[in-house]
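The values are calculated or read from the model by the stated rules, or taken from the named source; none is laboratory data. Only a predicted model underlies this, so the values are computations on that prediction, with no experimental measurement involved. As a convention, Cβ positions derive from the backbone with ideal geometry for all residues, glycine included, and neighbour counts pool all protein chains shown. Heads up: the accessible areas ignore ligands, DNA and RNA and are worked out on the full protein's heavy atoms, side chains in. Shrake-Rupley method; radii C 1.70, N 1.55, O 1.52, S 1.80 Å.
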Amino acid sequence: MKILLVTNYQPPHMGGIEYAAVSLKRCWQDAGHQVTWLTTDIPRGGRASTPDNVRIPAANFFETLWQINSPLINPFSYPRIARLVAEHDAVSIHSLAPGLSTVTLFAALRRGKPTVATQHVGVIPMKAAFLGAVQKRFLCFAATWCTRRGALLTFVGNAVRAWFLQHAGVSRDSVVMTPAGIDQQDYHFVDEPERKQFRAKWQVDHNRFNVLFVGRFYEKKGLPLLREVALRCPDINFTLVGTGPIDPSAWDLPNIRTIGYVETSELRELYGSHDLFIMPSVGEGWPAVVPQAMACGLPCLISEETFQGFGQDSDRFLVCTRNVEVITNMLTEAAAGSIPVLENRRALSDYATATWDWKKTANIYLELFIKQSAAPPAHQQS
């Protein structure tokens, strides 16, 4: 099968969608399928455009100004996008946010191609109320529009699925779960000898408690909360891995260090060398970095809103409200060794490996492509 994989961005832009795309592409190729990744040329300086990794010129000021992942593509690129759609057997779209993904979604449905659109996150809280209202209206419109024209809509988290069923009015017959997974070739348990080695490489102080964050530097990811928590916990070290509109290095806090984009192998090393992963976010589906961290044996502190994306086995996580005082107290307890879930890293890794696997999710997508291919002509709209 020839599969067109579509995302608005590509590494070194760091996010759950990009992690998912990398893993899905690998799984499909390992299964013998031909995959073309269609994305934008944002960020600059990433992998060059090639026949199997097509990068479309785009501008990114929406993300820069409002932390909205909606790159504006060059309108003259549409014929090229339409040709790519025509050349492939199935189309896997990731994100209903305006941009390359929705333009390709339109082209795919116009040609009646088997199409699966995956929404990874819910409505993102915005400072400006009108932007939040526009975002909600657009996502609801996009969801109902594409499903009525034959696309299947999938979600990685239960909370996002529930929101779309309630607010967008999509049919349950058009909705499927494609859960986030772990690429188990890349993310697996870090034993004590490796852990010691990785701590030395990344200069992680073994005499202090070390907390790791990985993701885009957005407000919705909880960066303002992390700043306040770091101020209150001067004896705890924080490593923030990622990039984005917020610049944590400008906070000038001695217990915070910032690392930009890292390769997959280095990310495993960072997971293995720290004591706790933190993600106090809102508006998520189910962040890929949480299963990744757990697979390496790293316990995770996540917000109640983020946990709802998974919604089970709460005893495997540290779940808290998005409150500075609450997070501070929990980190203080963790640093003192008072929280049992932090003690058995091997058990966390075994749980993650048994629970999340991108190979299983990749097979779900393949089954959906086949289902779409067999759909009657009534599902095909021109």
| field | For the chain, accessible area per residue (1.4 Å probe, heavy atoms of protein chains only), Å² | value | 42
| said: I want the local charge near GLN184. Using Cβ-Cβ distances under 13 Å, sum +1 for each Lys or Arg and -1 for each Asp or Glu among the other residues. | reply: -1
| remark: Of GLN292, GLN197, GLN135, the most mobile residue in a GNM of the chain (C-alpha springs, cutoff 10 Å) is GLN197
| query | Contour minus end-to-end for LYS201 and ARG346, with contour as 0.36 nm per residue of separation and end-to-end as the Cα-Cα distance? | reply | 50.0 nm
| Add -39500 (n - 2.57) for each DSSP H run of 4 or more in the chain, then divide by its residues: what number comes out at 222 nm, to the nearest 500 deg cm²/dmol? | -12000 deg cm²/dmol
| request: Could you please state, rounded to a whole Å, how far the C-alpha centre of region 161-186 is from the C-alpha centre of region 261-339? | output: 22
| message | Cross-link candidates for LYS359: which aspartates and glutamates have Cα within less than 14 Å, leaving aside residues fewer than 8 places away along the same chain? | response | ASP30, ASP183, ASP186, GLU367
| said: Highest mean first, how do 355-367, 299-311, 161-173 rank when packing is the count of other Cβ atoms within 10 Å averaged over residues? | reply: 299-311, 355-367, 161-173
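How large a share of the accessible area of region 238-381, in percent, is made up of carbon and sulfur atoms when the probe is 1.4 Å and the other protein chains stay in place?
After summing per-atom areas, the C and S share lands at 48 percent.
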| request: Using only Cα atoms, find the angle between the long axis of helix 345-355 and the longest principal axis of the chain, and express it within 0 to 90 degrees, rounded to the nearest 10. | output: 10
| said: Using only Cα atoms and rounding to the nearest 10 degrees, what angle (0 to 90) does helix 78-87 make with the longest principal axis of the chain? | reply: 80
| message | How tilted is helix 16-30 with respect to the longest principal axis of the chain? Cα atoms for both, answer in degrees (0 to 90, nearest 10). | response | 60
| field | Read-out Cα extents along the principal axes in Å, derived from the coordinates shown; its label in (1) 64, 56, 43; (2) 64, 44, 40; (3) 56, 51, 42 | value | (2)
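Carbon-plus-sulfur fraction of the accessible area of region 11-155, 1.4 Å probe, in percent? It would help to have the intermediate numbers written out before the result.
Numbers: 3690 of 6060 Å².
About 61 percent, which is the carbon plus sulfur part of the accessible surface.
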| said: Checking the cross-link filter: which lysines have an alpha carbon closer than 25 Å to that of LYS136, excluding same-chain neighbours under 8 positions apart? | reply: LYS127, LYS220, LYS221
